[in-house]
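Every read-out reported here was derived from the displayed coordinates using simple, explicitly stated rules and does not represent laboratory data. Please read these numbers as outputs of a predicted model, since none were measured by experiment. Every residue, glycine among them, receives a Cβ derived from its backbone with ideal geometry; neighbour counts consider all protein chains shown.
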Amino acid sequence: MPASLTCYGAVGEIGGNKLLLEDKDTKVFVDFGTCFNEGSDYFDAGIEPRHVNGAGDLFEFGLLPEIPGLYSERALQNTSLKYVEPEIDAILLSHYHWDHMGRIGFVDPSIPVYAGETTALIHEAASESTYSPLDDHILKTFRTGDRLRIGSLEVVPIHVDHSIPGAYGFVVYTSEGALAYTGDFRFHGPLGSMTEDFASEALKASPSLLVTEGTRVAPKDVRQDLSEEAVLQETVKVLSKSKKLAFSSFRGNDTDRVNTFHKAAQKTERQLVVSMKTATLLEKLQKDKHLKVPRVGKEVLVYVRRKGSGKIDDKDYYTWERPFLDHGMTATDVHDRQGEVFLHLDIWNFPEIIDIKPEKGGVYVHSSSEAFNEEGEREEDVIKNWVGHVGFSYHQIHASGHSPLDGVRRLVQTVGAEKFVPIHTEHPELFRSFKRKCVIPEKGMKIPI
Ligand SMILES: [Zn+2]
């Protein structure tokens, strides 16, 4: 079979990357994720695909490609697609974000998943504390510069800077030419030079095809344009304004943000207190000698939610939660030291505020992307209601995981591939102005390499 690329997701939408690479007898999926608003025309307002139906309810609306030899027997048991032995050689995972790996749980477990070493640790932490879609799979780990042989393909992973550690792009050598895939990237993070490394490796390969993300390529880029360093400065400013409690919701697996907030807490004589889930991840990541994250129990403390009896009793907590009880802070502890705490509180844990009973005049730092759709706006309103209820001030401070338009264009021009394919964007047509041959993908359309 001639070498080709087929996009089954991330076409005219942000996330849901599912890219099939075929060369001779080799078939590899690059990422296999869930789109952010996947199927929201059908699955919304409390309607969800039934677990018992495996992939069936998603096939119904074309939300997963019906490809033989890809899914597990369990995923297909109630569908018209017959189970056959795997025909896909591997899944190459760029990074551990749901929009890149969320659907791997449906894939036949005997299909190996290639992932970065850091990704394997993030997966372990998720697996221990909740669930990971990679749970049933054999993980084959890589680092930057490794050369992986998968059938007729040679794959070179190269790190990129993104809002989660262990993010990669790939250069794939097929029997007919090279393909470069950016994954998700930015240049403005603390490790922006890693994205430059990717660009120069991709350039060396003189690829026939470059597949690039373009989350922020839009007629109007609503995202705040801060660097991680600016997030630190802004946060310090906000935290020093108040002698009362400070709290923030942010993605705990964004370790750049954890480090930034740890520094901000230090500079304002506060203690950063994180969720148990984030603490589990930070402990796992201590094993990664290339990463620096704060130590649990020493540099960060852990918030202990009230459970069962209300007293801290081991038996009320899951096994994975118990080790944190010793260096935990309860709602009462936070209440007693409110001016000395910077608390990480995921929005689903906001009801904890009821127990903390903070005094008025504290600050809330909203550290994720601004709302870009109605659902997001609704969520923002609810957050603001909680913040207003306790008499706190609301501050939006965030550095995006994605490059703005300029950076994407610069990368496309640097790599200089014969043609490029914009994915992971709602506005692929805007890429036509990049002065390079642009192929706008369609779902299921084969693009020759
Ligand atoms: Zn993504």
Greater than 31 Å apart at Cα, pairs in K18/K384; K27/K292; K27/K204: K18/K384; K27/K292
For a footprinting-style exposure proxy, rank Y96, Y394 by other Cβ within 10 Å, fewest first. Y394, Y96
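Tell me, what does the Kirkwood hydrodynamic radius of the stretch 228-319 come to in angstroms if you use every pair of distinct C-alpha atoms? Write down the numbers at each step before the final one.
Values: mean 1/r = 0.0692 Å⁻¹.
Across the stretch 228-319, the inverse of the average 1/r is 14.4 Å.
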When only alpha-carbon atoms count, how far does the chain stretch along each of its three principal axes, as whole angstroms with the largest first? 68, 47, 42
What is the distance, in nm, between label points placed 7 Å from the Cα along the Cα-to-Cβ direction at A45 and at D221? 3.7 nm
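Mind pulling up the Rg/Rh value for the stretch 280-364? Radius of gyration and Kirkwood radius, both on Cα.
0.99
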Could you work out how far helix 374-389 tilts from the main Cα principal axis of the chain, as a 0 to 90 degree angle to the nearest 10? 10 degrees
Please rank I67, I138, I14, fewest neighbouring Cβ atoms within 10 Å first, as an exposure proxy. I138, I67, I14
Using 0.36 nm times the number of residues separating E60 and Y83, minus their current alpha carbon distance, what extension gain do you get? 6.6 nm
Report the gain in length on full extension from S175 to E269: 0.36 nm times residue separation, minus Cα-Cα distance, nm rounded to one decimal. 28.0 nm
Taking the chain as the reference, fit the longest principal axis to its C-alpha atoms, fit the long axis of helix 117-129 to the helix C-alpha atoms, and give the angle between the two in degrees, 0 to 90, nearest 10. 50 degrees
With respect to the cross-link table entries K277/K311; K284/K315; K289/K435, which display a Cα-Cα separation exceeding 30 Å? K289/K435
Give K24/K443; K287/K360; K220/K360 a once-over and call out the pairs whose C-alpha atoms are over 32 Å from each other. K287/K360; K220/K360
So for the stretch 228-396, Kirkwood radius off the Cα pairs, Stokes-Einstein at 37 °C and 0.692 mPa s: how many µm² s⁻¹? 201 µm²/s
Please give the length that would be gained between D135 and K311 if that part of the chain were fully extended, namely 0.36 nm times their separation in residues minus their C-alpha to C-alpha distance (nm, one decimal). 60.0 nm
Rounded to the nearest 20 debye, what is the charge dipole size of the chain about its Cα centre when +1 sits on each Lys and Arg Cβ and -1 on each Asp and Glu Cβ? 1220 debye
Which of H137, L272, V155 sits closest to the plus end of the dipole of the chain, meaning its Cα is farthest towards the positive end, when Lys and Arg get +1 and Asp and Glu get -1 on the C-beta? L272
To the nearest 10 degrees, how steeply does helix 405-415 sit against the main Cα axis of the chain, on a 0 to 90 scale? 40 degrees
Please enumerate, by chain and number, the aspartates and glutamates with C-alpha under 19 Å from the C-alpha of K243, excluding those fewer than 8 residues away in the same chain. E234, E269, D333, D336, E340, E359
